[in-house]
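Data block below; observations after.
The values are calculated or read from the model by the stated rules, or taken from the named source; none is laboratory data. Everything quoted here is computed from the prediction, not taken from an experiment. Note that each Cβ is placed from the backbone with ideal geometry, even for glycine, and that neighbours are counted across all protein chains shown. Note: accessible area is taken over every heavy atom of the protein model, side chains too, but ligands, DNA and RNA are not part of it. Shrake-Rupley method; radii C 1.70, N 1.55, O 1.52, S 1.80 Å.
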Amino acid sequence: MSTTTTTTTAATTTTAPAPAGALSASRTTATAARVLRQLRHDPRTIALLILIPCVMLVLLRYVFDGSPRTFDSIGASLLGIFPLITMFLVTSIATLRERTSGTLERLLAMPLGKGDLIAGYALAFGFLAIIQSALATGLAVWFLGLDVTGSPWLLLLVALLDALLGTALGLFVSAFAASEFQAVQFMPAVIFPQLLLCGLFTPRSDMHPVLEAISDVLPMSYAVDGMNEVLKHTDMTATFVRDALIVAGCALLVLCLGAATLRRRTA
C-alpha cells in the first residue's frame with residue numbers, strides 16, 4: 001500500500017505541468033525543434049511560407065510593368081504585409097491542428113508550460129520568418145528593382161517584425177477557433193480591416209476621422225509607416241524607430257495574450 005502510494009506520487013510529480021508563468025530555455029528550444037521537424041515533412045506549408053510572398057511580389061511588379069513608380073510606392077508596404085498574412089494563416093492552422101489532434105493536451109500534461117509552448121512556436125516560425133523576409137526583400141530590391149532611398153536592411157527589419165506579428169496573431173486567434181476552417185475565417189476579421197486602414201490605398205490622414213482613429217491603434221498601420229520612412233529617408237529616423245518598436249511591442253503583447261488564452265483541447 002505504501003509502495004503504491006509512493007510510486008503514484010512520484011509519477012504525478014514527474015509529469016506535473018510546468019508553472020504557467022515559468023519559461024525554460026531547454027523546453028522552449030525543444031518545442032521549436034519539434035515544430036521545425038514537423039514542418040520539414042510538409043513541403044506545401046514550406047512553399048506557402050517561403051515562396052508565396054516572393055511570387056506575389058513578382059506578380060505585383062509585372063502588373064505595374066508600365067508604371068514602375070507605382071510598384072516603388074506600394075511594393076515596400078506589401079513587402080511587409082505579405083509575410084504577415086502568410087505567417088498568420090500557417091501559424092493559426094498549425095496550432096489548431098495540434099489542439100484538435102490531442103497533441104497539445106499531451107504536451108501540456110508534461111512539464112511544459114503554456115509560455116514554453118508559445119515561445120517555442122514563436123521561435124520556430126520566427127526562424128522561418130527570417131528566411132522568408134530575407135528572400136522577399138532581396139528579390140524586391142536586387143531583382144525586381146524596388147527603388148528605396150534608405151537601407152534595404154531596414155526594409156528587412158520591418159518585414160521580419162511583420163512576419164513575427166503575423167505569427168503572434170495566428171497563435172492568439174487559434175485559441176478561439178474550433179476547426180481549421182474557422183481559423184481561416186478569422187482572417188477577414190483580423191487582417192482585412194488592418195489592410196484597408198493601414199494607409200496602403202490612401203493616406204490615413206485622408207480617411208474619416210473615426211477610421212483614422214481606429215487605424216492609429218492597428219499595428220499594420222505602423223508597419224506601413226515604417227516602410228514608407230525607409231522609402232523617403234536615407235538614414236534611420238526617429239519615426240522609423242517608433243514604428244518598429246510599436247510593431248515589435250504589439251507582437252510581444254499578442255504572444256503574451258496567446259499564452260494566457262491557450263487551451264489544451266477544442267471543446
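Numbers at a glance
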{"item": "Among the candidates GLN182, GLN194, residue that is over 22 Å from LEU51 (Cα atoms), part of a helix (DSSP H, G or I) and open to solvent by less than 50 Å² (accessible area, probe 1.4 Å)", "result": "GLN194"}
{"item": "Some residue of the stretch 101-110 being under 18 Å from the mean Cα position of the chain (by Cα), among the basic types (Lys, Arg) and at pLDDT below 85", "result": "no"}
{"item": "Residue tally, condition closer than 13 Å to CYS256 by Cα and under 12 Å from the mean Cα position of the chain (by Cα), over the stretch 119-132", "result": "2"}
{"item": "Qualifying position, being under 30 Å from THR100 (Cβ atoms) and either surrounded by fewer than 22 Cβ atoms within 10 Å (Cβ to Cβ) or of a type in the set (D, E, K, R) (or both), among LEU211, LEU218", "result": "LEU218"}
{"item": "Whichever residue in the stretch 54-75 is aliphatic (A, V, I, L, M) and touching a residue at least 40 places away in the same chain (Cβ under 8 Å) and, among such residues, is most open to solvent (accessible area, probe 1.4 Å)", "result": "VAL58"}
{"item": "Every residue from the stretch 232-263 that is open to solvent by 40 Å² or more (accessible area, probe 1.4 Å) and in contact with a Pro (Cβ under 7 Å, 6 or more places away or on another chain)", "result": "ILE246"}
{"item": "Given (1) free of Cβ contacts under 8 Å to residues at least 60 places away in the same chain; (2) buried (at least 21 other Cβ atoms within 10 Å of the Cβ), number of the condition ALA223 does not satisfy", "result": "(1)"}
{"item": "Cβ-Cβ under 8 Å pairs, at least 6 apart or on other chains, the stretch 120-137 side within 20 Å of LEU155 (Cβ to Cβ), far side surrounded by 24 or more Cβ atoms within 10 Å (Cβ to Cβ) and among the aromatic types (Phe, Trp, Tyr)", "result": "ALA136/PHE82"}
{"item": "Count of the stretch 111-127 residues which are part of a loop (DSSP other than H, G, I, E, B) and either open to solvent by 10 Å² or more (accessible area, probe 1.4 Å) or at pLDDT 80 or above (or both)", "result": "2"}
{"item": "Counted residues, the stretch 128-151 - those being open to solvent by less than 30 Å² (accessible area, probe 1.4 Å) and either over 22 Å from ASP235 (Cβ atoms) or of a type outside the set (Val, Ile, Thr) (or both)", "result": "10"}
{"item": "Only one of VAL247, VAL173 that is outside any loop (DSSP other than H, G, I, E, B), closer than 21 Å to ARG97 by Cβ, of a type in the set (A, V, I, L, M, F, W, C) and within 17 Å of the chain's Cα centre (by Cα)", "result": "VAL173"}
{"item": "Residues being within 20 Å of PHE186 (Cβ to Cβ) and either within 10 Å of the chain's Cα centre (by Cα) or basic (Lys, Arg) (or both) - total across the stretch 69-95", "result": "10"}
{"item": "Criterion (farther than 25 Å from SER133 by Cα, in a helix (DSSP H, G or I) and not hydroxyl-bearing (Ser, Thr, Tyr)) met by exactly one of GLU212, GLU229", "result": "GLU212"}
{"item": "Test: LEU39 is free of Cβ contacts under 8 Å to residues at least 40 places away in the same chain and either assigned to a helix (DSSP H, G or I) or surrounded by 14 or more Cβ atoms within 10 Å (Cβ to Cβ) (or both)", "result": "no"}
